[in-house]
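Comments concern the structure below.
Every number here is computed from the coordinates shown, using simple stated rules; none is lab data. Everything numeric in this text was worked out from a predicted model, so none of it was measured. Note that we place each Cβ from the backbone using ideal geometry, even for glycine, and neighbour counts take in every protein chain shown.
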Amino acid sequence: MFEKIYKTLLQNTYYCILHSWQGLPEYLPSDLDIIVLPEELHKLEKNLLEVKEACLVNLLQHESTCFYFVLAVRNGEKVNFLPVDAATDYRRDGRIWFSAEELLQGRQKWKDFWVALPEIEFKYLLVKKILKEAFPEHSTERLKELAIKLEAKADTIVEDLLGEKWAGQVMEWIRAGNREALEASSHTLKKVLKRRKFLKDPLNPFRYWLPEIKRIWRRWFYPTGLWIAVLGPDGAGKSTLIKKLIQDLEGAFRRKAVFHFMPALFRKKQGKPVTDPHGKPPRSWLTSIIKLIYYWLDYNLGYWFKIRPALVRSTFVIFDRYYDDLLVDPKRYRYGGSRWLAKLLQRFIPRPDLWLILDVPEEEILHRKQEVPLKEIQRQRKAYRDLAEELPNAFLIDGSLPPKEVARQAEEIILEYMHKRYLSRRNIWFPELRDKEE
């Protein structure tokens with residue numbers, strides 16, 4: 001299936017794959033780097049949207065000219081994610097290293113794919129690994145193969161990149177497959193590489209940072225992470241659902257983070273599991289008001305110092321319960337103040353992107369847990385259903401279904417939301433599309 005998708009999205013696009021293409025189409029590497037001309041990028045993006053077997057759910061712009069598209073592919077009960085890392089040049093660590101024209105030069109056909117020339121692959125792979133200060137075994141072995149194939153041309157490439165002083169030693173390590181020596185010297189090699197690039201092209205850092213500032217600004221205002229809250233009574237299956245969502249959807253994000261009820265900015269450890277939610281008496285009116293102020297501070301400061309930065313870093317943020325849970329079950333949080341005040345404060349609490357509310361029949365809840373009486377379960381169920389109608393982007397899911405089916409429905413909701421979000425933002429990343437539409 002992935003082979004068919006890749007052929008569809010790359011058709012009529014002037015591109016080449018820079019490395020790790022040797023196993024295609026049977027084996028798809030996790031970091032398949034594709035280079036395209038700047039004017040071809042919107043064509044690739046259009047092809048991605050037209051792939052029938054997949055759904056475009058995210059775009060992580062990790063450099064101003066580097067676009068990491070994420071396609072979701074439903075394969076039976078499982079969701080697979082197909083990454084497409086496309087760039088219009090190679091830039092990293094404050095420098096622009098190669099233009100698209102340089103990397104596409106002399107591209108050659110391999111099976112049904114266009115791939116880089118050996119000398120292009122060699123210098124690109126070497127620069128990339130030096131800048132990352134890491135030489136994995138497979139990359140070191142590939143550099144060795146290319147050095148043998150290129151013979152003296154490889155020496156010339158390395159001398160141009162690192163200078164005469166380091167060229168001989170580095171080539172000796174590459175031909176010997178000595179990854180330990182390469183990694184041990186990578187920090188020094190990185191400094192040499194960046195210094196030589198600057199001396200050859202002093203304006204290079206300025207050309208890098210001007211669009212990079214715009215990218216950083218855009219990333220803050222349009223984060224590529226996702227924030228959801230899972231609500232429901234004890235025994236509804238929240239923990240099971242959260243574990244399944246993390247397991248199935250982590251491929252669409254760079255990181256994951258789970259919180260319980262609040263960001264907990266002012267405490268390092270999460271509280272112990274609650275086994276008797278109504279076992280303690282409510283706090284006094286005054287203490288309850290102070291507690292509300294504490295919640296307001298933690299949610300707002302926690303959002304700006306923990307949640308928002310996590311979303312900017314493409315994190316899948318999940319809350320097991322949220323502030324609104326206090327409105328449904330004030331006894332659980334020992335709240336003894338007026339409901340209207342807690343309801344008023346709700347307006348000043350940051351809101352998740354999506355709400356997943358699990359609805360389970362009372363008899364099923366009692367079968368799973370016997371922590372509160374039937375009447376209280378009935379009251380909570382109605383309150384959660386009312387909350388689902390009140391909250392924007394809230395979805396009621398039948399939690400009495402098998403866990404796999406509950407997770408499947410939740411995943412469909414999340415992926416549909418992410419796809420619509422991408423469509424609403426695509427003109428931000430590709431302004432030329434807006435110009436064409438106008």
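Of note:
- Normalised by the number of residues in the stretch 225-432, the mean separation of alpha-carbon contacts (under 8 Å, six or more apart) gives a relative contact order of 33 percent.
- Under the Karplus curve 6.51 cos²θ - 1.76 cosθ + 1.60, θ = phi - 60°, whole-Hz ³J(HN,Hα) for the stretch 40-50, x wherever Gly or Pro sits: 9, 4, 5, 5, 5, 4, 5, 4, 4, 5, 8
- Theoretical gain in end-to-end length, Leu117 to Glu151 [0.36 nm per residue, Cα-Cα removed]: 10.8 nm
- If you plug the beta carbon distance of Glu133 and Arg368 into 1/(1 + (r/R0)^6) with R0 = 56 Å, you get a FRET efficiency near 0.65.
- Other-chain or far-sequence residues with amide H under 5 Å of Phe319's (modelled H): Ile228, Ala229, Val230, Phe259
- For Asn178, residues with placed amide H under 5 Å, excluding near neighbours: none
- Couplings 3J(HN,Hα) of the stretch 171-180, computed from phi: 5, 5, 5, 5, 5, 8, x, 8, 5, 5 Hz, in residue order, whole Hz [Karplus 6.51 cos²θ - 1.76 cosθ + 1.60, θ = phi - 60°; x for Gly and Pro].
- Amide H to amide H distances under 5 Å link Gly336 with Arg283, Ser288, where only residues 5 or more positions off or on other chains count and H is placed in the peptide plane.
- Working note: Karplus 6.51/-1.76/1.60 with θ = phi - 60° gives the stretch 138-149 the couplings 5, 6, 4, 5, 5, 4, 4, 4, 5, 4, 5, 5 Hz, where Gly and Pro are set to x.
- Cross-link partners of Lys111 among lysines, defined as those whose alpha carbon lies under 17 angstrom from its own and excluding same-chain residues fewer than eight positions apart: Lys4, Lys7.
- The chain: relative contact order as a whole-number percent, Cα under 8 Å and 6+ apart: 15
- Between Asn75 and Ile290, the contour length at 0.36 nm per residue exceeds the Cα-Cα span by 72.4 nm.
- Relative contact order, whole percent, for the stretch 28-184 stands at 15, derived from Cα pairs under 8 Å and 6 or more residues apart.
- Reach of Lys214 by Cα under 20 Å, taken over lysines that are not fewer than 8 positions away in the same chain: none
- Nearest 10 degrees, 0 to 90: helix 285-302 Cα axis against the chain principal axis: 10
- Cα-Cα over 31 Å, subset of Lys46/Lys109; Lys78/Lys123; Lys46/Lys153; Lys43/Lys420; Lys238/Lys291: Lys78/Lys123; Lys46/Lys153
- Residue pairs, from the table Lys243/Lys369; Lys343/Lys382; Lys165/Lys197; Lys331/Lys404, whose Cα atoms sit over 23 Å apart: Lys331/Lys404
- With respect to the chain, whose longest principal axis is taken over its alpha-carbon atoms, helix 374-390 is tilted by about 50°.
- DSSP-defined antiparallel bridges as percent of all bridges, the chain, nearest 5: 50
- Inter-part distance where the stretch 402-422 and the stretch 122-170 are each reduced to a Cα centre, Å: 44
- Counting only residues at least eight positions apart within a chain, or on another chain, the aspartates and glutamates with an alpha carbon under 17 Å from that of Lys144 are Glu119, Glu121, Asp155, Glu159, Glu172, Glu180, Glu183.
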